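Everything on this sheet refers to the single structure shown next.
Taken together, the values in this text are just the output of simple stated rules run on the coordinates, not laboratory data. Everything numeric in this text was worked out from a predicted model, so none of it was measured. Positions of Cβ are backbone-derived with ideal geometry, glycine not excepted, and every protein chain shown enters the neighbour counts.
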Amino acid sequence: MAASERLARLRDAVGGDDEPGLSLAVLAGAVAAFVSLPLVGLLVRASNYGFGHLFGLLTQTGSLDVLANSLVLVFWVTLGCVLIGVPLAVLTVQTDLPGRRFWTVVAALPLVVPSYIGAFTFASAFGPQGDLADALAPLGVERIPAIYGLHGTALVLILFTYPYVFLTTRAALLSFDGTLVEAARTLNHSRWEAFKRVTVPQILPGVTAGALLAALYALSDFGTPSIMRYEVFTQQIYIAQRSLGVPEGYPALLSLQLLAVVAVVLALESRIGEGDASYVSRGSRQPGRITLGVWKWPAMAFCAAVAVLSLGVPLGVLAWWFEQAGAAVFDFEPVVAWNSLKVAVAAALVASLLALPVAGYAARSSSLFSTLTDRLTYVGYAIPGVVVGLALLYLSTEFTQSLYKTVPLLVFAYVVRFLPQAVGTVRSSVLQVDPKLTEAARTLGRSPFGAFRKVTLPLIAPGVAAGAALVFLTTMKELPATLMLSPIGFETLVSYIWLVRGAGSYGAAAIPALVLVGVSALSMVVILAQERYNG
Amino acid sequence: MRERQSQTRRRFLAAAGVASTTALAGCSGILGSGGSDSDDRPTLADFRGSGEIVSDRPVPGGTSIEDLPDLEGELSIYLGGGEGGRYTTLIDLLDQYYDGFTASTQTQPSSQLANVIVDEYESGTTQADVFWSVDAGSLAYVAENGATLELSSNARSMVGDDRFVTDQWAGVAGRSRAVPYNTNQFSADEIPTSVDEIATADRFTESIGWAPTYGAFHGFVTAMRQLRGDDGTREWLNNMLEQNPARYGSEYAAVSQGIANGEVGLGLTNHYYPILVFANSPDAPLDLAFTENDAGAFVNTAGASVLDGASDADLADLFVRHLLSAEAQEFLATRGFAFPMIDGVEPVGPLPTIEELSPPELDLQSLSDVQPTIELLEDVGILS
């Protein structure tokens, strides 16, 4: 919500709102239809089974248990992210915590650890017979609490997704007007009262936005629950799609249920967003910092504990594997990395190309159709990768057998999933281009395409590049669709990690896992640079 | 058997030393620096590596690769399981042996691949030429669903024992269930020859390790269901629960390791997992026993079949014959500690031959019936 408000404001600032040409609308519509194909395919497939059959499956199978498990997980992850992310944001923005800049970076960093690598390392460190159990055994500790199941899954997801809440809350805290707090204070409110009556309502939209991201992530993540052996939708869909003796239509039923939950979460978020009519003041004045006094010690202990768990454990375990593995650490073949690179570049190129008409149209038009195409391209973002994978398996085996398990289909899956990232960055850079410049080029005799190429494109190039980089980096890390759609013999870093994890040869996973953490770190740099670019 | 067992430990140690050196030899061979031959073709030594126990072994009998027609062309292989990369190492050796042959693989758990193969067959999108799987149950499942082609008699006749071959698939590497135990906690005399005694004798209470979520364990319970019915199996499982066994996630990294560490006294695993533990810790107080005539000693096999819809079915069939060649069988015996499937190749030193074991009579086709096993395990409360 906040984003679209900002866009509206930018649009006003940019000036007139001439409706763009029909051809752009048609192009944007075509892209939206194209990337909505998997969803359509899934619905078609589900309708083939018949409503009665699917409804019967609801009660016959354990799908309601899976629903309950997923909801419980989302609840705890969202709550945990808020409980960690919000205090960290307040501490780093509004208090005199020593080393605030350092803690800010450290608190955001866990986002660079792909959650399945986090889960993998946690299971290795804290599992029964894990490294920690081994280390504690001489000290007389016989059993450590089991890491598998709900609490392990929730713990790992919280540790690697709380930065969403941290970052959005931080942004909200930074942008709100400190004079309001001072005003409240002069009206004799205590610090706590002022925080509750002024700060909380101001940052609530930011917290909600972060919580939404965390909730959607918890719903869509496949690797963590699989490794932590907790039965949720994504993990069950993956297993059910390829196990012996599963009732027909069960994976499709699970997918539909999962999408329904995603829809409910999105609807809830938009209601909360709409209900928020708080006064937005863009003052740059910061409120007076809260003095922590002796509380700075527990505060720093809190920051450090989160950092040790979310950064120290995974990086420590990876380094330990690396050291332990000896020569086996170099077991994997370079072609594996090359394959990852190829599909990620292809996905980035295709996504940027497709993003241009959608973003251009969305930025220049306020019509209903423009909103619709814009929203449709976001469908893939809300649909978990495992569902996109399942839908594309259906579509290809039913209608386009020649595409089944081919690289183009795999790239298409990535584009469906990550196009919104490209659309988002391209759209905001298009909004910053004064349409009068294009008009000037047109009056000087350029064709619409020529004007775009000569005037608009050079101006939005940095935004397009940033969008492409984001798609590239997220594709490198994508897990479930990669596992489901990869052609025979086509191994990527991700599928290789998954394979050696299953075989228990952790040492061989060390290098590819470290590469992926590095790649994720780069994507953070791109995101941060892009935010600066947006002003 | 008993006398034999008491000697096995020392000999396993030797075998374990071999396992690590052959692995290195294999690597350098693949990189082309190990072979002294001018044409860089892997030799028998590359297939089985070198070492004390291997140097005692005679040149394997059976059909040598040299006597088989050349592999020529591209082959896609679905690898169900894959034994921690051993199977891909063998494929790499064959790849290297023939200039005109390349193979690409995809590895997934065997039961999952079986389902993928059947789905692909039914939608006309068959991807692979060969299904090479670690268990006969998944091979049988694929064959029962019509997704395989008949093997040539040339391929079938290579398998020495009728129990391990059908029209549709051929066994390439035997694996027995076994009872590894900690030699500090139990002597060889104390290990019973029946899984029932393990489930009932007081001396095993609180000292058994098992991995009830593991595929190999599901195969074992499926075998037991075929042998004594669901009720008899349920009774055995309930008796086992009374013994309060320690629960592990895998039979290799966990159960066998747990026995070696002394966390538990004995366990139920496939026969080669404890041997793999020796490879990492040669001093482990670990030995291996086999029960007699029950599911605790049933012998399963890894095997291969040619898929209906294969782009080159003849090449696929010839590949299966290569898996049954003297060199490949030697590889599987010395590096995977498997029971060879052809006459003329013996299991590695310390292991008995299949003939010396007393496995139960069991149709391996029946191992595809895994779903009722899962339901039974859930019902008894072992799987949630």
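When all alpha-carbon pairs of the range B:103-161 are counted, what percent fall beyond 13 Å?
Numbers: 1080 of 1711 pairs.
Result: 63 percent of Cα pairs exceed 13 Å.
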37 °C / 0.692 mPa s Stokes-Einstein diffusion coefficient of the protein assembly as shown, Kirkwood radius on C-alpha pairs, µm²/s: 109 µm²/s
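Per residue of B:105-112, what is the mean number of Cβ atoms on other protein chains within 10 angstrom of that residue's Cβ? Write down the numbers at each step before the final one.
On the way: counts 3, 9, 7, 6, 4, 0, 4, 6.
Per-residue shielding by partner chains comes out at 5.
Rounded to two decimals, what is the ratio between the C-alpha radius of gyration of chain A and 2.2 N^0.38 Å? The partial results should precede the final answer.
Details: Rg = 24.3 Å, N = 535, 2.2 N^0.38 = 23.9 Å.
Here the Cα radius of gyration is 1.02 times the empirical estimate.
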Residue with peak Gaussian network fluctuation, chain B [Cα springs, cutoff 10 Å], from B:Asp70, B:Asp308, B:Asp231: B:Asp231
Computed [θ] at 222 nm, helices only, for chain B once each DSSP H run of length n ≥ 4 contributes -39500 (n - 2.57): -12500 deg cm²/dmol
In whole Å, largest first, the alpha carbons of the range B:149-202 cover along the principal axes 51, 21, 15
Once the range A:339-462 is represented by equal point scatterers at the alpha-carbon sites, with solvent omitted, what log10 I(q)/I(0) does the Debye formula produce at q = 0.10, 0.13 Å⁻¹? -0.40, -0.63
Measure out, as a whole number of angstrom, how far apart the alpha-carbon centroids of the range A:365-441 and the range A:471-529 sit. 22 Å
Return the whole-Å distance between the Cα centroid of the range A:83-117 and the Cα centroid of the range B:225-245. 52 Å
Which whole number of Å³ per residue matches the convex hull of the alpha-carbon atoms in the range A:424-535? 121 Å³
Quick one: if you stick a label point 7 Å off each Cα along the C-beta vector at A:Phe75 and B:Leu68, how many nm between them? 5.8 nm
Averaging sequence separations of C-alpha pairs under 8 Å and six or more residues apart, then dividing by the length of chain A, give the relative contact order as a whole percent. 22 percent
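Calculate the FRET efficiency for B:Asn154 and A:Glu333 from the Cβ-Cβ distance with a Förster distance of 30 Å, rounded to the nearest 0.05.
Numbers: r = 33 Å, r/R0 = 1.11.
Plugging the Cβ-Cβ distance into 1/(1 + (r/R0)^6) gives 0.35.
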Taking the number of other C-beta atoms within 10 Å as the exposure measure, put A:His53, B:His322 in order starting with the fewest. A:His53, B:His322
Within 10 Å of the Cβ of an average residue in B:117-127, the count of other chain Cβ atoms is 4
If you average the C-alpha positions of the range B:256-301 and of the range B:164-214 separately, how far apart do those two centres end up, in angstrom? 7 Å
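For an R0 of 35 angstrom, estimate the FRET efficiency from the Cβ-Cβ distance between B:Gln185 and B:Ser358 and round to the nearest 0.05. Before the final figure, lay out each step's value.
Working: r = 25 Å, r/R0 = 0.71.
According to the calculation, E is roughly 0.90.
Hey, what did chain B get for relative contact order, percent, Cα under 8 Å, at least 6 apart?
Numbers: 757 pairs, mean separation 103.2, N = 384.
Reported as a whole number, the value is 27 percent.
Please report the relative contact order for the range B:164-240, taking Cα pairs under 8 Å with a sequence separation of at least 6, and give it as a percent rounded to a whole number. If you can, show how the numbers build up before the last one.
On the way: 20 pairs, mean separation 21.9, N = 77.
For the range B:164-240, the relative contact order is 29 percent.
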Considering only B:Gln112, B:Gln365, B:Gln243, give the residue with the highest GNM mean-square fluctuation for chain B, with springs between Cα atoms whenever their separation is below 10 Å. B:Gln112
How large is Rg over Rh for the range B:97-253, taking Rg from the Cα atoms and Rh as the Kirkwood inverse mean of 1/r across Cα pairs? 1.05
Computed on alpha carbon atoms, what radius of gyration and Dmax characterise chain B, expressed in Å? 20.4, 63
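How would A:Phe472, B:Phe290 line up from fewest to most surrounding beta-carbon atoms within 10 angstrom? Before the final figure, lay out the partial values.
Numbers: A:Phe472 26, B:Phe290 22.
Final ranking by Cβ density, sparse to dense: B:Phe290, A:Phe472.
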Cβ-based exposure ranking for A:Cys81, A:Cys303, in which fewest neighbours within 10 Å come first: A:Cys303, A:Cys81
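Across the protein assembly as shown, how many lysine pairs separated by 8 or more positions, or lying on different chains, have Cα atoms within less than 25 Å?
Details: A:Lys196/A:Lys296; A:Lys342/A:Lys405; A:Lys342/A:Lys477; A:Lys405/A:Lys477; A:Lys436/A:Lys454.
Count of close lysine pairs: 5.
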Among the DSSP H helices of chain B, those whose Cα atoms extend at least 30 Å along the helix axis and whose mean Kyte-Doolittle hydropathy is -0.5 or higher are B:2-30
